[in-house]
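The values are calculated or read from the model by the stated rules, or taken from the named source; none is laboratory data. All values reported here derive from a predicted model rather than from experimental measurement. Heads up, the Cβs are rebuilt from the backbone with ideal geometry, glycines too, and the neighbour counts pull from every protein chain shown.
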Amino acid sequence: MGLFDGYDGRSEEGSSAHLSKVLRCPVILVVDASATSRSAGALVKGFKTFDEETQVLGVIFNRISGKRHLEMVEDSISGLDLVSLGGIPKKMDIALESRHLGLVPAREVDNTARYEGIRALVEDDLDLDLMLEIASNAPRWEDVRQSPLDRMGHFRLGLAKDDSFNFYYQDNLDILRALGADIVEFSPTTGDLPAADGYYFGGGYPELHLDELAANGPMKEALHEKVREGVPAYAECGGMMYLCRSVKGQDGLSRDMTGVFDATVEMTPRLQALGYVEATCVNDCVLSPAGGTVRGHVFHYSRVASHSGQRFSYRLSKDKGIDGAEDGFIKNNALASYLHLHFGSNLEFAQGFAATCLGQRG
């Protein structure tokens, strides 16, 4: 995502530029300068003048092929009211590995050598003193207040955390802890379902571990029984896939999942949805009564191939859900959605989840 990329193509909302205005802080632009010289100046000028309320005060040029190349791209911005902080050489051995949903998670690879290589390049090739000087232009925030979160009571929350499920907004976990959650991590791939007052299944890469997930019958059976009993279960994206009846992998083979929802999912070679969305509850769910709204993002290559008779909780602001704008399977106190929501956009959703979990304690 670039500096001005946010909710849509018309608004700055949700973009890094928007955030810089909220914080009243300057921006240092990072520009891929590979295979370009004077054209880099045109690109930087476009970013500088596109929205003059965004304070673009400096530039870092990336993927520089040598001293002469850096001189040329720096000359290209000489007439603009900003400064160059230097250039990072083109070195493929510091590139971080990626796959279809972005970077390979840190838990799967040791990037220590790459990080050390990046650190050395930054120290050697960038003007860090100038960077700190630019940063000092941001005003001091004297009146910083945290949103009050009253502890609602103690409850035990099972958090799916392994190589299959590991994407969570840290803010969401911090908010739930502030409300009283004692978070207990477990592995749906290889472990057992812990005793808990509610369960949270985040995103990740279940499609890479379908055989192991399918083979863990006791986990699937235990979760299915908990949902039948009314224990809260909230699942996002990869977690939603796991709560469906089956998932067809890139190899064309289907594996049985938990079957909490009578729906089938299949992986596709193409991106199915990406972007920020707002969700409105049209039916009560474990997080909120009908009428509540929350924001988040969607990013997935899978699609729901069938969903016989399933009820939906959400209507999304864009057609990026399970079925067009419809999203969020609901059953008893279970909710499974493609939406990665951020509780900070509406704390009542976190409070609703906490209240339902607390209801399990009697």
Legend entry - Of residues in the stretch 169-196 being in contact with a Leu (Cβ under 7 Å, 6 or more places away or on another chain) and within 18 Å of Lys226 (Cα to Cα), the one modelled with the lowest pLDDT: Thr189
Inset, instruction - Run Leu223 past the list (1) modelled with pLDDT of 95 or more; (2) out of contact with any Ser or Thr (no Cβ under 6 Å at 6 or more places or on another chain) and report the number of the one that doesn't hold. - result: (2)
Legend entry - Considering residues of the stretch 59-87 that are among the polar types (S, T, N, Q) and either in contact with a helix residue (DSSP H, G or I) (Cβ under 9 Å, 6 or more places away or on another chain) or exposed (fewer than 13 other Cβ atoms within 10 Å of the Cβ) (or both) only, the residue nearest to Leu43 (Cα to Cα): Ser76
Inset, instruction - Determine whether the stretch 237-255 contains at least one residue that is in contact with a Ser or Thr (Cβ under 7 Å, 6 or more places away or on another chain) and acidic (Asp, Glu). - result: no
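Yes or no, residue by residue, for (1) within 30 Å of Gly204 (Cβ to Cβ); (2) surrounded by fewer than 18 Cβ atoms within 10 Å (Cβ to Cβ); (3) without any contact (Cβ under 8 Å) to a residue 60 or more places away in the chain:
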| position | (1), (2), (3) |
| --- | --- |
| Ser20 | no, no, yes |
| Arg24 | no, yes, no |
| Val30 | yes, yes, yes |
| Ala35 | no, yes, yes |
| Leu43 | no, no, yes |
Legend entry - Hits in the stretch 190-207 (condition: surrounded by fewer than 21 Cβ atoms within 10 Å (Cβ to Cβ) and either closer than 20 Å to Gly296 by Cα or among the polar types (S, T, N, Q) (or both)): Thr190, Tyr205
